[in-house]
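**Q** Before we start, here is the structure in question, set down as C-alpha cells.
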Amino acid sequence: MELWSSILCLILTWALIRAVHSITKSKPISGKLPPGPKPLPVIGNLHQLGDKPHKSLAELAKIHGPLMSLKLGQVTAIVVSSSAMAKEVLQTHDQYLSNRTIPDALHVHGHENMGLPWIPVANLWRSLRKICNTQLFTVKVLDTNQKLRRRKVRELFEEMKKRSLSGEAVDIGSAAFTTTLNLLSNTIFSVDLADPESELAREFKEISWNIMKDAGTPNLSDYFPLLKKIDPLGVRRRMTIHFKRIIDLFEGLINQRLKLRDSPDWVPNNDVLDTLLNITEENSDEINRTQMVHLLLVLFVAGTDTTASTSQWAMAELIRNPEILSKARAELHQIIGKGNPLEESDVSRLPYLQAIIKETFRLHPVVPLLLPRKAEIDVEIGGLTIPKGAQILVNTWAIGRDKGIWEDPSSFKPERFLGSELDVRGRSFEVIPFGAGRRVCPGLPLAMRMLPLMLGTLIHSFDWKLENGLKPKDVDMNDKFGITLEMAQPLRAVPTAA
C-alpha cells in the first residue's frame with residue numbers, strides 16, 4: 001500500500017508540473033462558461049466525483065444549475081441535468097455536439113477507431129449505422145426473428161419452473177443475462193453461447209461488466225492526458241485482456257462459419273453473421289472483417305449487459321412493491337389468460353407492463369451518464385458557452401429524479417406513465433435511457449421487444465419471494481457505477497406458481 005501511495009504521489013507531482021506548464025500555455029475560453037463549483041489547483045473538481053458520479057453530480061447541479069461546468073484535471077466538463085438542457089444538447093445543437101471523448105481504457109485493439117458508439121460521425125460511422133438500421137434491427141428482420149425470441153423466453157420460463165418446483169432461489173440478473181446472451185448469439189451466430197448452468201455465461205457476464213466498469217470508472221489518464229503513456233491505474237492493460245478474450249471467441253466463430261461457407265453443401269443461415277460476411281465480400285469498403293468483429297463486440301457487450309440490468313432493476317422494484325406486482329400480473333392474466341404464453345403481439349395491449357418498464361428506465365437508467373460527447377466548436381446555450389473540446393455529460397439519472405418534472409420522484413409509480421405520451425425512444429427528453437439525436441442507441445428496437453417479453457413472462461407465470469425469509473422492504477437497492485448502473489447486490493428470489 002505504501003509503495004502504491006508513493007508511486008501515486010510521484011505521478012501526481014509530475015502531472016502537477018506538466019499541468020501548470022499546460023495551463024500557462026492554454027488559451028482563455030471565449031464566452032461565459034456555465035456556473036460550477038470552484039476547482040482546486042491541478043485536480044480541479046475531481047475530488048467531488050466520488051465513486052458514484054451520477055449522484056454527486058446531481059447534488060452539485062442542485063446548487064449550480066442544470067448546465068454546469070467542472071474542471072476535471074485538465075479537462076473542461078459540462079454536465080447536463082435537466083430535460084430542457086438535454087434537448088438543447090442532444091437535438092438543437094446535436095450537429096456540433098455528436099462526437100465523443102473516448103476513454104483511454106478503450107484505446108485497445110483499435111477499438112477507438114472502429115467501435116460504433118465511439119467513432120466520429122463520418123463515413124465508417126454512417127456505414128455501421130446503415131447496417132444496423134437496414135440489416136439488423138428493421139421491423140422485417142425483428143419480425144422474422146420473433147420465433148427465436150419466443151423460444152429463448154420459453155427456455156427462461158422452463159428454467160424458472162424447475163426452480164419453483166425445487167424451491168431454489170434464482171439470480172435474476174444472471175438469468176436475464178443468459179437469456180439475452182443466447183438470444184443475441186442465436187440471432188448473430190445461430191448458436192447458444194451459454195446454458196443457464198454454464199461457466200461461459202458467467203464468464204461472459206463477468207467480462208461484460210468489467211468492460212463497462214473499467215470504461216465508466218474515473219481514470220487519471222482521462223483527466224491528465226500526459227499520463228496516458230504510463231496508464232497509472234492499469235485500466236487500459238486490463239481492458240486489453242477483456243477485449244482479447246471476446247475478440248478471440250468471435251474470430252473462432254467467424255473462421256468456423258467461413259469454412260462452412262466454402263463447403264459445396266452449405267445452406268445459408270441467413271443470420272447476422274451471414275449478412276455481415278455477405279457485405280464484406282460484396283463491398284469491403286463498407287465494412288471489413290476487423291470492423292465487423294468490433295461491431296459484434298459492441299452488440300454483445302452493450303446488448304446483454306443493459307437488458308439484463310434493466311430486467312433486474314424492474315424485478316427488484318416489483319418485489320419491493322407487491323401491490324404493483326399483483327396489478328401487473330392481473331393485467332397479464334386478464335389480457336392473455338392465465339397459463340397462456342406471452343407473445344410480442346400482446347405487449348401493445350398491456351399498458352401497465354409498458355408503464356413499469358418506462359418507470360424502471362426513469363428511476364434506474366441503465367446508462368446513468370450518457371456516453372460522453374465532445375464539442376466540435378463553441379456552442380452557446382441560453383447565454384452560456386460550451387467551449388470547443390469540452391466533454392459533455394448528460395446525467396439521465398438526475399433528469400429522471402428532477403422534482404421540477406416528476407411528483408415524488410424517488411418512488412416507483414408506473415401509474416405516472418398511464419395515459420402519458422412520454423416516450424423512451426429519444427423523442428421525450430424527460431426519459432432518455434437510449435440517448436437521443438443521431439447517437440441514439442441502434443439496438444433500441446430489439447431491446448423494446450425483448451424487455452417486455454422477458455419481464456412479462458416472469459410476472460405472468462410466477463410469484464416471487466426473497467430467499468432466507470427476507471421481506472420485500474429488505475431488497476438492497478444500492479447501485480454500483482460503471483458505464484451501466486448495476487445493482488450492488490445481485491437480486492436473488494424464489495419463483496412460485498402464480
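**Q** Could you pull out every residue, at least 5 positions away or on a different chain, whose amide H is within less than 5 Å of the one on Asp463? Hs are placed 1.01 Å off N in the peptide plane, and Pro or chain starts have none.
**A** Thr496, Ala497, Ala498
**Q** Under a 5 Å amide H to amide H cut-off, with H placed in plane at 1.01 Å, what residues pair with Thr76 once short-range neighbours are removed?
**A** Gln391
**Q** Let me ask something additional. If each of Glu376 and Lys32 carries a label point 7 Å out from its Cα toward its Cβ, how far apart are those two points in nm?
**A** Label at Glu376, label at Lys32, 2.8 nm between them.
**Q** Give, in nm to one decimal, the length gained when the segment between Arg261 and Lys162 is fully stretched (0.36 nm per residue of separation minus the Cα-Cα distance).
**A** On the way: separation 99, 0.36 × 99 = 35.64 nm, distance 3.88 nm.
Full-extension gain reported as 31.8 nm.
**Q** Set Lys and Arg Cβ to +1 and Asp and Glu Cβ to -1, take the dipole of the chain about its Cα centre, and tell me which of His294, Ala390, Leu485 lies farthest positive.
**A** My answer, from the dipole projection, is Ala390.
**Q** In whole Hz, with x marking every Gly and Pro, tabulate ³J(HN,Hα) for the stretch 56-65 from phi via Karplus 6.51 cos²θ - 1.76 cosθ + 1.60, θ = phi - 60°.
**A** 5, 5, 5, 5, 5, 5, 4, 8, 9, x
**Q** Here is a follow-up. How large is the helix-only mean residue ellipticity at 222 nm for the chain, computed as the sum of -39500 (n - 2.57) over DSSP H runs with n ≥ 4, divided by its residue count, in deg cm²/dmol to the nearest 500?
**A** Numbers: 17 runs with 241 residues, N = 498.
One gets -15500 deg cm²/dmol as the mean residue ellipticity at 222 nm.
**Q** Now a separate question. May I ask for the net charge around Glu112, where only other residues with Cβ less than 12 Å from the Cβ of Glu112 are counted and Lys, Arg are +1 while Asp, Glu are -1? Can you show the working numbers first?
**A** Numbers: positive: Arg100, Lys228, Arg236; negative: Asp104.
That works out to +2.
**Q** Still on this structure, I have one more. Work through the residues other than Glu421 whose Cβ is under 13 Å from its Cβ and net out their charges, Lys, Arg +1 and Asp, Glu -1. Can you show the working numbers first?
**A** On the way: positive: Lys358, Arg416, Arg425, Arg427; negative: Asp423, Glu430.
Around Glu421, the surrounding residues sum to +2.
**Q** Next question, about the same structure. Arranged from highest to lowest average of other beta-carbon atoms within 10 Å per residue, in what order do the peptides 393-400, 169-176 appear?
**A** Working: 393-400: 26.0, 169-176: 22.0.
Top of the packing list down: 393-400, 169-176.
**Q** Using a ≥ b ≥ c from the Cα gyration tensor of the stretch 57-114 (square roots of the eigenvalues), is it rounded, prolate or oblate, where a/c under 1.5 gives rounded and otherwise the larger of a/b and b/c decides, a/b for prolate?
**A** Working: a/c = 2.88, a/b = 1.51, b/c = 1.91.
Because a/c hits 1.5 or more and a/b fails to exceed b/c, the stretch 57-114 counts as oblate.
**Q** Continuing with this model, one more query. Let a ≥ b ≥ c be the square roots of the eigenvalues of the Cα gyration tensor of the stretch 455-498; is it rounded (a/c under 1.5), or, if not, prolate (a/b larger than b/c) or oblate? Write down the numbers at each step before the final one.
**A** Working: a/c = 3.36, a/b = 1.53, b/c = 2.20.
It is oblate, given that a/c is not under 1.5 and a/b is not larger than b/c.
**Q** Report the number of Lys pairs in the stretch 107-217 whose alpha-carbons are under 26 Å apart, with separation of 8 or more residues or on distinct chains.
**A** Going through the stretch 107-217 pair by pair, I get 12.
**Q** By how many nm would the segment from Ser345 to Gln489 grow when fully extended, if each residue of separation counts as 0.36 nm and the alpha-carbon distance is taken off?
**A** Working: separation 144, 0.36 × 144 = 51.84 nm, distance 3.40 nm.
Fully extending the segment from Ser345 to Gln489 adds 48.4 nm.
**Q** Could you tell me what percent of the DSSP beta bridges with both partners in the chain are antiparallel, to the nearest 5? Don't skip to the answer; put the middle values down first.
**A** Working: 26 of 30 bridges.
Once the DSSP bridges in the chain are tallied, antiparallel ones form about 85 percent.
**Q** Still on this structure, please answer the following. How would Asp271, Asp262 line up by accessible area, probe 1.4 Å, largest first? Walk me through the numbers before you get to the answer.
**A** Values: Asp271 10, Asp262 130 Å².
The residues order as Asp262, Asp271, largest area first.
**Q** Say R0 is 45 Å: what FRET efficiency, to the nearest 0.05, do Thr290 and Met477 get from their beta-carbon distance? Mind showing how you got there, number by number?
**A** Values: r = 41 Å, r/R0 = 0.92.
Efficiency, rounded to the nearest 0.05: 0.60.
**Q** Suppose all protein chains stay in the model; what accessible area per residue would a 1.4 Å probe give for the stretch 53-497, in Å²?
**A** Numbers: 18090 Å² over 445 residues.
That works out to 41 Å² per residue.
**Q** Using every alpha carbon pair in the stretch 280-434, what percent of pairs falls into each 5 Å bin from 0 up to the bin containing the largest distance?
**A** 2, 8, 12, 15, 16, 13, 11, 9, 6, 5, 2, 0
**Q** Taking the Cα centre of the chain as origin, sum charge times position over the Cβ atoms of Lys and Arg (+1) and Asp and Glu (-1), and report the length of that vector in debye to the nearest 20.
**A** On the way: 62 positive and 56 negative charges, 215 e Å.
I would put it at about 1040 debye.
**Q** If you don't mind, another one. Could you please state, rounded to a whole Å, how far the C-alpha centre of the stretch 132-200 is from the C-alpha centre of the stretch 271-310?
**A** Going from one Cα centre to the other spans 18 Å.
**Q** Please list 3J(HN,Hα) in residue order for the stretch 365-372, calculated via the Karplus relation 6.51 cos²θ - 1.76 cosθ + 1.60 where θ = phi - 60°; whole Hz, with x for glycine and proline.
**A** So the J values, rounded to whole Hz, are x, 5, 10, x, 10, 3, 3, x.
**Q** If you don't mind, another one. Would you be so kind as to identify which of Ser461, Pro268, Ile247 lies farthest towards the positive end of the dipole of the chain, taking Lys and Arg as +1 and Asp and Glu as -1 on Cβ and the Cα centre as origin?
**A** Farthest along the dipole direction, towards plus: Ile247.
**Q** On to the next question. On the accessible surface of the chain, probed at 1.4 Å, how many percent belong to carbon and sulfur atoms? Please list the in-between numbers first.
**A** Details: 11880 of 22080 Å².
Using a 1.4 Å probe with all protein chains present, the chain comes out at 54 percent carbon and sulfur.
**Q** Given H placed 1.01 Å from N in the peptide plane, which residues other than close sequence neighbours of Leu350 have an amide H under 5 Å from its amide H?
**A** none
**Q** Here's something else I'd like to know. With a ≥ b ≥ c taken as the square roots of the eigenvalues of the C-alpha gyration tensor of the stretch 53-497, please select rounded if a/c is under 1.5 and otherwise prolate if a/b is larger than b/c or oblate if it is not? Each step should come with its number before you reach the end.
**A** Values: a/c = 1.59, a/b = 1.09, b/c = 1.45.
It comes out oblate by the Cα gyration axes.
**Q** Let me cross-check His93: its accessible surface, 1.4 Å probe, with only protein heavy atoms counted, in Å² to the nearest 10?
**A** So the heavy atoms of His93 present about 40 Å² to solvent.
**Q** Sort 186-192, 466-472, 345-351, 360-366 for me by packing, meaning the mean count of neighbouring Cβ atoms within 10 Å per residue, highest on top. Kindly include the intermediate steps, with their values, before the conclusion.
**A** Values: 186-192: 18.7, 466-472: 12.0, 345-351: 14.9, 360-366: 24.7.
Highest-to-lowest ranking by the protection proxy: 360-366, 186-192, 345-351, 466-472.
**Q** Can you list the HN-Hα couplings for the stretch 242-247, worked out from phi with the Karplus curve (6.51, -1.76, 1.60; θ = phi - 60°), rounded to whole Hz and with x for Gly and Pro?
**A** Values per residue, Gly and Pro as x: 4, 4, 4, 4, 6, 4 Hz.
The values are calculated or read from the model by the stated rules, or taken from the named source; none is laboratory data. This is a predicted model, so every value here is computed, not measured. Backbone-built Cβ (ideal geometry, glycine too); neighbour counts: all protein chains shown. Please note that ligands, DNA and RNA were not included when accessible areas were found on the heavy atoms of the full protein model with its side chains. Shrake-Rupley method; radii C 1.70, N 1.55, O 1.52, S 1.80 Å.
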